[in-house]
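All of the numbers you see were taken from the coordinates with simple rules; none came from a lab. Quick caveat: nothing in here was measured; it's all calculated off a predicted structure. Methodologically, a virtual Cβ is constructed for each residue, glycine included, from the backbone with ideal geometry; neighbour enumeration extends over all protein chains shown.
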Amino acid sequence: MNPPSENPDTITIHRPDDWHLHVRDGAMLKTVLPYTARVFARAIIMPNLPDPVTTPAKAGAYRRRILDALPDDGVASRFLPLMTCYLTDETGPAMLAEGFADGVWVAAKLYPAHATTGSAHGVTDPLELGSVYEKMQEIGMPLLIHGEVTDPDVDIFDREAVFIERILTPVIKDFPELRVVLEHITTREGVQFVEGAGNNVAATITAHHLIINRNAMFQGGIRPHRYCLPVAKREEHRLELRRAATSGSPRFFLGTDSAPHAIGDKEADCGCAGIFTAAAAIELYARVFDEEGALENLETFASRAGPDFYGLEPNDERITLARGETPVPKIVEVEGDIAVRPFGAGRTLNWEIRD
Ligand code: NCD
Ligand code: ZN
């Protein structure tokens with residue numbers, strides 16, 4: 001799609017936030033975090049570490065490790081990690097509420113057990129979590145959902161739509177005021193669910209799901225760096241996501257789901273799910289909004305709708321994006337022989353951040 005010629009060449013927006021991000025731990029954390037922190041003021045930090053973030057103590061310790069991993073100069077040093085609680089079958093509503101009241105975490109994350117990377121300790125049956133949902137509804141704590149069923153009889157491309165039908169619809173019916181973010185939506189059904197629900201329901205959309213459809217995973221051969229969960233769907237779904245993201249609706253906002261894995265863990269017999277977009281995330285989104293002739297709605301999507309949903313103010317600072325050249329690194333070195341391959345590695349993007 002060609003950008004209409006009247007599209008602006010520069011755009012200034014409140015500094016964006018990333019409402020779904022994996023930063024990992026240790027050397028990987030130290031490597032990937034600066035890419036996000038240089039651009040985004042805040043990010044919702046996913047709790048799916050090998051030892052998942054299930055208690056306020058673990059969340060507090062992880063938050064400190066993140067702050068310690070920040071570069072100590074400029075914008076990046078002011079980055080604010082917003083922590084989340086990893087829900088398990090054992091999570092107690094009282095502990096959840098206490099961590100929320102103390103400001104240790106701002107939301108809870110629901111992974112159906114074995115739905116994706118790092119979800120082995122997730123929830124066996126999301127319909128059985130009534131007391132947790134009730135407490136979260138009462139205190140206004142957002143529930144962030146990886147919305148895929150794990151039933152092996154359900155085709156992998158249908159798992160989001162079936163989750164909406166079997167799990168999300170009854171949960172929202174029973175807890176109509178529960179604040180829910182359906183994360184990284186990939187389908188028309190996801191868009192329609194959000195559009196048909198109340199203001200307490202929103203969704204995040206990744207850059208990669210706006211850019212690739214499922215063919216991209218098999219372009220000329222198997223492409224492990226284009227594999228993530230939920231897996232990219234048919235073109236008709238991608239177009240629907242682009243419509244929703246660029247519509248200006250405050251119910252859809254930016255969540256990269258940037259999920260770095262060592263190259264060796266992806267290029268393997270059983271490669272990990274996850275796409276690393278943090279190396280040039282806002283530039284990827286800018287390209288999509290430009291192509292859709294909707295740059296005027298980028299600020300709502302990237303900088304206003306998220307804070308609004310979480311009851312926060314948009315960031316005071318602003319950033320300017322301009323037509324230009326952003327090279328995406330071919331490879332990001334971590335340590336030893338460990339490295340990560342970014343989405344669009346080696347390409348040059350046609351938007352850049354101006355200081
Ligand atoms: C994520 C990861 O690697 O942690 N992977 C992914 O494909 N998105 C987990 C997740 O968010 O599903
Ligand atoms: Zn994720």
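Each peptide among 127-134, 13-20 gets the average number of other Cβ atoms lying within 10 Å of its residues, and from highest to lowest they stand as 13-20, 127-134. Between the beta carbons of THR169 and ALA94, assuming R0 = 22 Å, the FRET efficiency works out to 0.20 to the nearest 0.05. Taking 0.36 nm per residue of separation and subtracting the Cα-Cα distance, what length does fully extending ALA57 through CYS270 add? Using 0.36 nm per residue and subtracting the Cα-Cα distance, I get 73.4 nm. Scalar couplings 3J(HN,Hα) for segment 124-129, obtained by applying the Karplus form with A = 6.51, B = -1.76, C = 1.60 to θ = phi - 60°, are 5, 9, x, 7, 9, 9 Hz; x denotes Gly and Pro.
Near TRP105, the amide H atoms lying under 5 Å from its own belong to PHE100; only residues 5 or more places off or on other chains count, and H is placed 1.01 Å from N. With a ≥ b ≥ c taken as the square roots of the eigenvalues of the C-alpha gyration tensor of segment 143-199, please select rounded if a/c is under 1.5 and otherwise prolate if a/b is larger than b/c or oblate if it is not? Here segment 143-199 falls in the prolate category. In this simple spin-label model, placing a label point 7 Å from the Cα along the Cα-to-Cβ direction at both THR12 and ARG347 gives a separation of 3.0 nm.
Take every pair of alpha-carbon atoms less than 8 Å apart whose residues are at least six positions apart; their mean separation over the length of segment 246-355 yields a relative contact order of 32 percent. Charge dipole (Cα centre; +1 on Lys/Arg Cβ, -1 on Asp/Glu Cβ; no other charges) of segment 201-355 amounts to roughly 600 debye.
Got a sec? Which residues in segment 6-39 would a label at SER77 touch, if it sits 7 Å along Cα→Cβ and we count backbone N under 19 Å? From segment 6-39, the list is 30-31, 33-39.
Straight-line cross-link reach from LYS135 at under 17 Å between alpha-carbon atoms covers these aspartates and glutamates, not counting any fewer than eight positions away in the same chain: ASP89, GLU90, GLU98, ASP102, ASP174, GLU177. Across segment 182-265, the mean sequence separation of Cα contacts (distance under 8 Å, 6 or more residues apart), normalised by length, yields a relative contact order of 41 percent. Computed over the chain, the per-residue total of -39500 (n - 2.57) for DSSP H runs of n ≥ 4 gives a 222 nm mean residue ellipticity of -8000 deg cm²/dmol, rounded to 500. For ASP158, project a label point 7 Å along Cα to C-beta. Then give me every residue of segment 204-228 with its amide nitrogen under 19 Å of that point. Residues 214 qualify, since their backbone N sits under 19 Å from the label point. Seen from a random direction on average, the alpha-carbon convex hull of the chain projects onto 16.7 square nanometres.
A straight line joining the Cα centroids of segment 249-324 and segment 5-79 runs 12 Å.
FRET efficiency for the pair ASN199 and GLU296, taken as 1/(1 + (r/R0)^6) with r the Cβ-Cβ distance and R0 = 22 Å, rounds to 0.50. Straight-line cross-link reach from LYS330 at under 30 Å between alpha-carbon atoms covers these lysines, not counting any fewer than eight positions away in the same chain: LYS30, LYS233, LYS266. Couplings for segment 201-208, taken from phi via the Karplus curve 6.51 cos²θ - 1.76 cosθ + 1.60 with θ = phi - 60°, read 10, 9, 9, 9, 9, 7, 6, 5 Hz in order; Gly and Pro are left as x.
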